[in-house]
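A.B. asks: Supplied in structure tokens, the structure appears directly below.
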Amino acid sequence: MFDNICKFIAENFSDDLATWLLGSPLSLTVLDPTELQLDPIRADSLIFLQSEQLILHTEFQTDPDSQIPFRMLDYRIRVYRR
């Protein structure tokens, strides 16, 4: 449930979320929570920012996950290939 609430906030308030997480106001280009190539996995939130071609990728976890660094690396590579 918490995961879905966080995804809702990221989808509906992405400008505010990006500004809060990065600590400075940014212009939103695109919010894109689409499936990534290879095995279908879905990022919780990909926010493409106008400044310096930055991508803010957020994943929401309700429980500790020792595999999250590897998942984030996998997402990073897939976004780069896209």
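The values are calculated or read from the model by the stated rules, or taken from the named source; none is laboratory data. Because the structure is a prediction, the values reported are computed rather than measured. Cβ coordinates were reconstructed from backbone atoms using ideal geometry, including for glycine residues, and neighbour counts include every protein chain displayed.
A.B. asks: List pairs: first in the range 8-27 and part of a helix (DSSP H, G or I) and exposed (fewer than 14 other Cβ atoms within 10 Å of the Cβ), second at pLDDT 85 or above and polar (S, T, N, Q), Cβ under 8 Å, 6+ apart or cross-chain?
C.D. replies: Correct list of pairs: empty, since none qualify.
A.B. asks: Restricting attention to the range 1-39, which residues are under 16 Å from Glu59 (Cα atoms) and at pLDDT below 70?
C.D. replies: Met1, Phe2, Leu31, Asp32, Pro33, Thr34, Glu35, Leu36, listed by residue number.
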